[in-house]
Every structure is written in structure tokens, then in C-alpha cells.
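Each reported figure results from applying straightforward, stated rules to the coordinates on display, with no laboratory input. Being a predicted model, the structure only gives us computed values, none of them experimental. FYI the Cβ positions are ideal-geometry reconstructions off the backbone, even for glycines, and counts take in every protein chain you see.
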Amino acid sequence: MGKLGTIDFVIFVGFVILVIIVGLWASRKKETSEDYFLAGRSLPWWLIGISMIAGNISAEQFIGQASEGYMLGLAIASYEWIAAITLVIVGIWFLPKFLKAGVYTIPEFLEHRFSKGSRSIMSLYMLLATALVVMPAVLLGGARALHVLFEMPLWIGIWVIALIGGFYTMLGGLGAVVWTDLIFGATLIIGGLAVTIVGFGEVGFVSFFKENADKLNMIMPADNKTLPWTALLAGIWIPNFFYWGLNQYIVQRTLGARSLKEGQRGTIFAAGLKLIIPVITVFPGIMAYQLYANQIQTGDDAYPTIVAKLIPVGLTGLILAALTGAIMSSLNCMLNSCSTIFTSDLYKPYAKPDSDEHHLVTVGRISTVGFMLLACLWAQLVKTWGIRGIFNYIQQYWGFFSPGILGVCLFGLFTKKTPAFAAWVGLLLNPVVYAILLFGTDIAFLNVMIITLIIVCAWMGFARYTWPVEMPKEMPVREEMDMTTAPDAKWLGAIIIAIVVLLYVVFSPIGLAS
């Protein structure tokens, strides 16, 4: 569809060279496992915040949310705007407990609170979901964009993206990831806004809101299979709290904070950035529907189509850099988290408990390559499944694990007398209950998540009051961590929450009618 002009080629190649240079620079002197997996616990708030957003915004958002905007409308922005509220809560109430314990991973927290078994189960869940669901979908979405824009075969696009992103991640760990994410984050915001601005220039600002009124409603009917209004009350909060509070490849940045104050400010900064994400992901999908509905065969082609049709030579290189950067930033943080979980939660406890620091870093690098290859191979299968859209696909399949992990971690965070066996039973209960309800009923998957979480929490509560632990395990305390709370976190968080509430009022049947 599109062809790179000379200036586009220069911009894109320059971007890739800059990323590789920064990645290699950040890869130096990774001597200990803490240096490699948590960047030496030295990350400042601004780097944490931009890295969280860069790691989150990928093909799942640029391609997937534009696809849902094309098919469903602005309602899909609930994942972003509710995430802003979730980040505020995570920063204020979840993060202090994790940083105080000094854990490398969230599964490690479960061992300190419950047992080694619950740590291992969660570790396996996270590896399976990240390596076999999220990474392949991200690679496939990126490859599809390259295919639509430049007619690159899907399998070539998958391997090109994986090899570039995996190279410096393998060498530098989290330090390389967050510093390259700084470039990715700035590029994706600038490039994404450029597409939206050009799109408004084509459709007209007033025309966009007038002609797409039916797609600018945040409140969907109760029988909507993707995002019914009932899910806004509870269901959508489950993937949000899991993703932003317990998902290793996002939380790992906050675990590398130099202090609680920096970690909290980083999460609040990320929450503020979340407010603008639908403008650069969902709006272009709606614009593609308005302009090219008769030319687009699948929703996942909406974003690449609007780029190919509207973006002039000179901007295409920047947009391609933004897309590629968004995809690689998500991929590299997933690879880093998978290697961290594998090395810290499975390899060291079971294979070689007496491993020295150099050996752990070596295992981390080898496992990074292994997970990269697995994701590439699995992506070849995913592309043949005929999925409705990659965003919907990822959210739906996280449900096999996320309600149970959230329920167990909530009991671990806020109760002391829940017995250890309750945790691993709750974790094992999740995929069984979710599969029965998802495939055996006609209930929307977000509502299935609600029911699954209720069942897991009911079991955990029953175990807590039937077999209470008389002498709860004491959590470790990382004495050298500065646990001073950021004084501005709560009032900035309150402002962000107020803005989200206002957005729901404006884009509701009442607000639109006025």
C-alpha cells in the first residue's frame, strides 16, 4: 500500500540505529542479578512512568484498540481510562507492600505470604500467558501493520521485530529496556498524535463528533459481548488491577524504583499519560470506519489503512518508527519479565539454589532468547486462528489466570490468617471455572471474569475463617529501601480520577444528548 520516501527511510533507519546504540549503552556493567533484572533498583519516577506506558502501548493498542474502535467505538477506551484510576490505587496501596518486601517478582511475594507451591503455579501461569498469548499477538499485530503498509510477508515481519527487540533485551535486561522505552514512549506519543491530527484534518473536527455519535458512547448495552455496561461495574476492573498491579512485565519497573516515593510518582505519571492514549489509538479506528469502511476487510487493518491512505511522505517514517517502537517496547519488557520469572522463581529454587550472580545473569540471557524463539514460532499458529481482533483475543485469554491471581494476591496483601493451601487451590480453580463458563455459556467474558473472581474469593474467605493460620508468616523487610510516601501522590491521583469521571459523563447518553 505505502512506500517509504527517502526522508522516511532516513528517519526510520536513524531511529533503529539510535535504539540499538542506547540499548547497548544501557547493557554495560550488568554484573549482578539485581542489576540485570531490576536495573539495580535505581529507577527515577519519570523513567518508570514513561517505561510503563511504552511497555503497555503496543500492537495491542495501536492495532488492537483501533480495531475495536472501528468495530465497537469509543467504549473500548474504558480499558485505558479505568487503567488511570487503577494505577492511582496500585501506587498508593499495592506498591508499598511490594517494595517493603524487596521482592524481584510478584510470584515471589506469594511464596513469602503463602507457599513455594503458589509461587510456582503463578510463575507457570505468567510464563504461559505471556509467551503463548500476549507476545505472539503483539508480534502478529506488528507484522500485520508492516504487511499492510509495505507488503512485507507476515512471517518476515514477526522475525524482524523479535530479533531487533530481543537482541538488546538479552544483553542489558531491565536497564536496557527502560532506557530504550524512553525513546519508544516519546516516539509513540508524537507519532500517534500525528496520525490523529492528520485524521482530523481529513474528516473535520466537528464532522468527526457529529457523524460518529453512535460510536462515541462509552456505555454499551448489557448484551454486548465485548464490553457490556455491567462489566464497567466490576468485570473490567479485574484485568486492570491484575495488569497494572500484579502483571510482572509492567510491575517490574516499579520494583526497580530507587524509593517508594519515586515508584508512586512513576505510577501517577503513567496514570496521567493514560488519559490521552485513546486519542491516539481509538480515534484513528473510528476515523477509518468513517472514511474507509467499504475498503477494510478486518478491524485489525484499520490503523495500518488510515496510515497508508492519509500520512504523507515525510511523516510515514515517523509513524513506522512509532509503531515499531511500540511493538518492540512491549516485546522487550515481556521478554525481560519472562526471563526474570523463569530464573528467579523456577530455575534458582528448583534447579540450582546455590547459583552465583554471574550464573543467574547468564541463565536470564539464555532464557530471553528461548522465550523469543517460542513466541515467534507460536505467532505462526496464532495467525491461522481467525481471531476477531488481537486486543479482544489477549483480554479474553488472560481470564484463564487473572481473576484467580488477583483474588489470591488480594488475600495475601490484606489478610494474614489465610492458609497456604487456600492460595494454590484458588489458583488452580481459576482456569477450570473460567473455561466452563466461557465455553459452556453465552455470558460475556468480562462477566465470566467477575463470576470466576467471586468463586475464588469465596473459597479463599471460606478457608480463611474455617482454617485460620494461628501464626502467620512474617514478610521480609528491605531495610535499605526508603519507604517515605510521596506527598503529592494522593492529590494528583484524585485529580486524575476526577478527569476520568468527567470523561464518562461527557461520552455517555446524557452527555452526548446535551
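Would you calculate, for the chain, the mean residue ellipticity at 222 nm contributed by helices, counting each DSSP H stretch of 4 or more residues as -39,500 (n - 2.57) and dividing by all residues, to the nearest 500?
-23000 deg cm²/dmol
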Simple spin-label estimate for GLU151/ILE17, 7 Å along Cα→Cβ, in nm, reads 2.8
Share of Cα-Cα pairs in the range 284-374 beyond 20 Å, in percent? 57
Of LYS274/LYS416; LYS100/LYS417; LYS100/LYS416; LYS97/LYS490, those spanning more than 23 Å from alpha-carbon to alpha-carbon: LYS274/LYS416
For the chain, whose charge dipole is built from +1 on Lys and Arg Cβ atoms and -1 on Asp and Glu Cβ atoms, the candidate among PHE167, TRP378, ILE106 with its Cα farthest towards the positive end is ILE106
For ILE276 and VAL206, calculate 0.36 nm times their separation in residues minus their Cα-Cα distance, and state this gained length in nm to one decimal. 23.3 nm
Can you tell me how the range 347-454 classifies by the Cα gyration tensor, rounded, prolate or oblate, using a/c under 1.5 as the rounded cut? oblate
Using per-residue counts of other Cβ atoms within 10 Å, averaged over each peptide, order 493-499, 133-139, 72-78, 109-115 from highest down. 133-139, 72-78, 109-115, 493-499
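Mind ranking 429-441, 262-274, 412-424 by how tightly packed they are, going by the mean number of other C-beta atoms within 10 angstrom, highest first?
Going from most to least packed, we get 262-274, 412-424, 429-441.
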Check: the chain dipole with +1 on Lys, Arg Cβ and -1 on Asp, Glu Cβ, in debye: 520
Principal axis dimensions, the range 173-246 - Cα atoms, whole angstrom, descending: 44, 37, 14
Roughly how many Å is it from the Cα centre of the range 296-329 to that of the range 430-444, as a whole number? 36
Rank by packing, highest mean first: peptides 247-256, 306-315, with packing defined as the count of other Cβ atoms within 10 Å averaged across residues. 247-256, 306-315
Per residue, the convex hull enclosing the Cα atoms of the range 66-224 spans a volume in Å³ of 194
Note the per residue figure in Å³ for the convex hull of the C-alpha positions in the chain. 136
Dipole magnitude of the range 203-274, debye to nearest 20 (Cβ charges: Lys/Arg +1, Asp/Glu -1, about Cα centre): 360
